[in-house]
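I have placed the structure first, in the form of structure tokens, so that the comments after it can refer back to it.
The values are calculated or read from the model by the stated rules, or taken from the named source; none is laboratory data. Every value quoted in this text rests on a predicted model; they were computed, and no experiment measured them. Cβ sites come from the backbone with ideal geometry, for glycine too, and all protein chains shown count toward neighbours. Surface areas here come from the heavy atoms of the whole protein model, side chains and all, with no ligands, DNA or RNA. Shrake-Rupley method; radii C 1.70, N 1.55, O 1.52, S 1.80 Å.
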Amino acid sequence: MSTLNRLVLWNIDHTLVDVGRITRDAYAEAFQRTIGRPLVRLPPTPGRTESEIIFETLAFNDVVTTDDHLPAFFDALAEAFANRRADLRAHGRVLAGAGEAVEALAHVPGVVQSVLTGSLQPNAVLKVTELGLAARLDLEAGGYENGVYSKAALLEVARARAGERHGARYPESATVYVADSPRDVQAAHIAGSPIIAVATGSATEAELRSAGADRVLATLADTHAVVSAVADLARM
């Protein structure tokens, strides 16, 4: 890569890490605290924001929602994750090549890395911190669930935050999203940014190509392929 300003935004769950067991347990605790009865069914989560997952969880479990449910669930979910810090270390895992890819891009001149995730900010920070990925990520520049914006809008939020923090301009074409679901591909297209899709979640390589991903990788294990894809796609 030449020295150009590039922003790489990483999805977290099923792209960088697998913390599915902890997430299910945290949702069960948050549901019990918020609704007062056990969680029976959790909906599909790939590519969704926390608010989407929560509303579907309430619907799947026959809860008539009110305006108070979402903020109460947010608070309970953040506390449930905080209570599971040790579980994240013990049972969470960094996906193959994720740490190496983040480290390699950290040494490319002009590249800033952050996250674009549907998770609440404290939960997202816990995941990457406890699993050893936070050092190379500017987490203050990330896009997180805030109860208002879609992932496409959060991508724009992250671009603006990164620009303010680093005194640089990150156009849509120089911002690369790395994620694992067709919904993430759609969000990147809406935001006008290229996307590298990795088949490390529930979607296959064929499904990610069909969704229109600019580049599809089986995993992040080939560090050179990841860095090269960012170089090819992030053009000023």
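Tallying residues that are more than 11 Å from the chain's Cα centre (by Cα), among the polar types (S, T, N, Q) and surrounded by 19 or more Cβ atoms within 10 Å (Cβ to Cβ) within the stretch 1-50 yields 4. Close contacts from the stretch 120-135, counting a first residue that is under 12 Å from Val17 (Cβ atoms) and assigned to a helix (DSSP H, G or I) and a second that is open to solvent by less than 20 Å² (accessible area, probe 1.4 Å) and polar (S, T, N, Q), with Cβ to Cβ under 8 Å and a gap of 6+ residues or different chains, come to Ala124/Thr117; Lys127/Ser119. Restricting the first member to the stretch 9-21 and to residues that are modelled with pLDDT of 95 or more and among the polar types (S, T, N, Q), and the second to residues that are outside any strand (DSSP E or B) and open to solvent by 10 Å² or more (accessible area, probe 1.4 Å), the beta-carbon pairs closer than 8 Å and six or more apart or on different chains are Thr15/Leu95; Thr15/Thr200; Thr15/Gly201.
Taken over the stretch 150-160, the criterion of being in contact with a Ser or Thr (Cβ under 8 Å, 6 or more places away or on another chain) and open to solvent by 10 Å² or more (accessible area, probe 1.4 Å) is satisfied by Ser150, Lys151, Arg159.
The condition of being farther than 30 Å from Ala199 by Cβ, assigned to a helix (DSSP H, G or I) and either out of contact with any strand residue (DSSP E or B) (no Cβ under 6 Å at 6 or more places or on another chain) or open to solvent by 30 Å² or more (accessible area, probe 1.4 Å) (or both) holds for Asp75. Could we say that Thr57 is under 20 Å from the mean Cα position of the chain (by Cα), within 15 Å of Asp13 (Cα to Cα) and either in contact (Cβ under 8 Å) with a residue 24 or more places away in the chain or open to solvent by 40 Å² or more (accessible area, probe 1.4 Å) (or both) here? The answer is no for Thr57.
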